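Read through the structure below, which is laid out as structure tokens, and then see the notes.
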Amino acid sequence: MKKPRILIIYTGGTIGMIEDPRSKALRPFDFSHLMENVPKVKMLDYEIDNIQFAPPLDSSDMQPPHWQHIARSIARNYDAYDGFVVLHGTDTMAYTASALSFMLQNLGKPVIITGSQLPIGEVRTDGEENLITALQIAASRERDGAPTVQEVAILFENYLWRGNRSTKRSADHFNAFKSSNYPYLAKIGLDIRYNRDVLSRGHSGDLRVHTELDTAVMCIDVFPGLTESTLRHQLSTPGIKGIVLRTYGAGNAPTAPWFVEAIRDTCRRGVIVFNITQCLNGGVHSNRYEAGDILAATGVVPGHDITFEAAVTKLMHLFALDLGHDEVARRLVTPLAGEMTVAD
Ligand code: ASP
């Protein structure tokens, strides 16, 4: 058996951070520091290469060109490696995972994104375990030799999650990520137990990479007290093609005529309004309440149970394909990379 070949793409984040001796603040360090601090990596009998961002980023600074850089690095090295591990800050990890899931179509190899809550150089770090487990998942094969994971996934502490279903839900806990609308892909304990029924399968053909993204996207949160002038001001932001509208519960919004008319006018102008729920769990069911029905009649597109991170990046991806309004709307309600469950 050939040794697994894994490419690590180190983008930055707490996992590679050290304490500035003077200010005591955490700042990004470089990859050689990381390897020095995880001698155990050498105990895995893998061939491991790495690429690193220069300089490494706090993921709060992650932008679409960085996603493009990661996607291109994977595409360029796709045939040469069995799997990819992306080391990334936790703050925007779910956005990167979602974006990559749309950019890398027909993915047949694991792209495992991980990071840590404590710097890898600290005694109680979670970074060491996360890195080792991510490498093991990236190297895992089924009996027939096929990669166990064939999608973009986030590995954090005890779970492997589908990347475009994940959300960072804790700034403090080691189990920082969760997917509220999709089961875990694997549970990490004494061993790695894959939830094989829910792993992505059935891709055929070669990897297709779409790196273009269109950032003409914004978000509006509905809340009690939102005024007509604020809403109208937001809806008329110049150059915007798509708005993620975060509504209550099962996709409900105020039924006041000024609200309904403002949204209807926006849809009529050809702007896509993508309706997603503010709830962590569940999704938009526009026919459940009158308040949802009235909003649906304005022309908003239902986001079902998609996460905010996946909604934003899916819009950026689809707008870049130059498809025209109706086709973007059609693809928004069609799962492209397992990012939503269409229940209605
Ligand atoms: N601010 C850091 C980042 O996202 C936090 C982390 O890595 O956990 O890069």
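The values are calculated or read from the model by the stated rules, or taken from the named source; none is laboratory data. The model shown is predicted, which means the values in this text are computed figures rather than measured ones. Here the Cβ positions follow ideal geometry from the backbone for every residue, glycine too, while neighbour counts run over all protein chains shown. When the accessible area is computed, the model is the full protein with side chains, heavy atoms only, and any ligands, DNA or RNA have been set aside. Shrake-Rupley method; radii C 1.70, N 1.55, O 1.52, S 1.80 Å.
What is the one condition in (1) surrounded by fewer than 15 Cβ atoms within 10 Å (Cβ to Cβ); (2) touching a strand residue (DSSP E or B) at 6+ places or on another chain (Cβ under 7 Å) that Asp191 does not satisfy?
(2)
Would you mind telling me which numbered condition in (1) outside any loop (DSSP other than H, G, I, E, B); (2) touching a residue at least 40 places away in the same chain (Cβ under 8 Å) Ala80 fails?
(1)
Say whether the condition of being away from the ligand (no atom under 16 Å from the Cβ), under 15 Å from the mean Cα position of the chain (by Cα), farther than 16 Å from Ile8 by Cβ and assigned to a strand (DSSP E or B) is met by at least one residue in the stretch 85-106.
yes
Scan Ile132, Ile51, Ile112 and give me the residue that is in contact (Cβ under 8 Å) with a residue 12 or more places away in the chain, farther than 20 Å from Thr313 by Cα, among the aliphatic types (A, V, I, L, M) and in a strand (DSSP E or B).
Values: Ile132 fails: in a strand (DSSP E or B); Ile112 fails: farther than 20 Å from Thr313 by Cα.
That would be Ile51, the only listed residue that is in contact (Cβ under 8 Å) with a residue 12 or more places away in the chain, farther than 20 Å from Thr313 by Cα, among the aliphatic types (A, V, I, L, M) and in a strand (DSSP E or B).
What's the number of the only condition in (1) over 30 Å from Thr90 (Cα atoms); (2) surrounded by fewer than 21 Cβ atoms within 10 Å (Cβ to Cβ); (3) in contact (Cβ under 8 Å) with a residue 40 or more places away in the chain; (4) not hydrophobic (A, V, I, L, M, F, W, C) that Asn252 fails to meet?
Evaluating Asn252 over (1) over 30 Å from Thr90 (Cα atoms); (2) surrounded by fewer than 21 Cβ atoms within 10 Å (Cβ to Cβ); (3) in contact (Cβ under 8 Å) with a residue 40 or more places away in the chain; (4) not hydrophobic (A, V, I, L, M, F, W, C) leaves (2) as the failure.
Kindly evaluate Leu295 against the criterion of being at pLDDT below 95, surrounded by 16 or more Cβ atoms within 10 Å (Cβ to Cβ) and in contact with a helix residue (DSSP H, G or I) (Cβ under 9 Å, 6 or more places away or on another chain). I'd like the intermediate steps shown before the answer.
On the way: at pLDDT below 95: yes; surrounded by 16 or more Cβ atoms within 10 Å (Cβ to Cβ): yes; in contact with a helix residue (DSSP H, G or I) (Cβ under 9 Å, 6 or more places away or on another chain): yes.
For Leu295, the condition - at pLDDT below 95, surrounded by 16 or more Cβ atoms within 10 Å (Cβ to Cβ) and in contact with a helix residue (DSSP H, G or I) (Cβ under 9 Å, 6 or more places away or on another chain) - is met.
Of the residues in the stretch 120-142, how many are modelled with pLDDT under 95, of a type in the set (Asp, Glu) and open to solvent by less than 50 Å² (accessible area, probe 1.4 Å)?
Residues flagged as modelled with pLDDT under 95, of a type in the set (Asp, Glu) and open to solvent by less than 50 Å² (accessible area, probe 1.4 Å) within the stretch 120-142 amount to 2.
Output the residues belonging to the stretch 35-70 that are within 16 Å of the ligand (Cβ to nearest atom) and among the aromatic types (Phe, Trp, Tyr).
Phe53, Trp67, listed by residue number.
State whether one or more residues within the stretch 227-235 are exposed (fewer than 13 other Cβ atoms within 10 Å of the Cβ) and under 24 Å from the mean Cα position of the chain (by Cα). First the steps, then the outcome.
Taking the stretch 227-235 first, the residues exposed (fewer than 13 other Cβ atoms within 10 Å of the Cβ) are 227, 229-230, 233.
Within this subset, residues satisfying the condition of being under 24 Å from the mean Cα position of the chain (by Cα) are none.
Within the stretch 227-235, not a single residue is exposed (fewer than 13 other Cβ atoms within 10 Å of the Cβ) and under 24 Å from the mean Cα position of the chain (by Cα).
Check off (1) touching a Ser or Thr at 6+ places or on another chain (Cβ under 8 Å); (2) under 14 Å from Tyr184 (Cα atoms) for Ile113 and give me the number that stays unchecked.
(2)
Residue check: is Arg196 closer than 26 Å to Asp305 by Cα, touching a residue at least 60 places away in the same chain (Cβ under 8 Å) and among the basic types (Lys, Arg)? Steps first, answer last, please.
Numbers: closer than 26 Å to Asp305 by Cα: yes; touching a residue at least 60 places away in the same chain (Cβ under 8 Å): no; among the basic types (Lys, Arg): yes.
No, not satisfied.
Of the conditions (1) modelled with pLDDT of 95 or more; (2) within 21 Å of Glu151 (Cα to Cα), Ile48 fails just one. Which one is it?
It is condition (1) that Ile48 fails.
Select from the stretch 267-311 the residues that are under 28 Å from Ala94 (Cβ atoms) and part of a helix (DSSP H, G or I) and list them in ascending order.
Cys267, Gly292, Leu295, Ala296, Phe308, Glu309, Ala310, Ala311
Collect the residues in the stretch 74-84 that are small (Gly, Ala, Ser) and either surrounded by 17 or more Cβ atoms within 10 Å (Cβ to Cβ) or within 16 Å of the ligand (Cβ to nearest atom) (or both), keeping them in residue-number order.
Applying the first criterion (small (Gly, Ala, Ser)) to the stretch 74-84 yields 75, 80, 83.
Gly83, the sole residue that qualifies.
Scanning the stretch 8-22 for residues that are closer than 22 Å to Ala71 by Cα and either part of a strand (DSSP E or B) or open to solvent by less than 10 Å² (accessible area, probe 1.4 Å) (or both), which turns out nearest to the ligand (Cβ to nearest atom)? Even if it seems obvious, please write down each step before you answer.
Taking the stretch 8-22 first, the residues closer than 22 Å to Ala71 by Cα are 8-16.
Pick out the ones that are also either part of a strand (DSSP E or B) or open to solvent by less than 10 Å² (accessible area, probe 1.4 Å) (or both) and you get 8-13, 15-16.
Values: Ile8: 16, Ile9: 14, Tyr10: 12, Thr11: 9, Gly12: 6, Gly13: 3, Ile15: 6, Gly16: 9 Å.
Result: Gly13.
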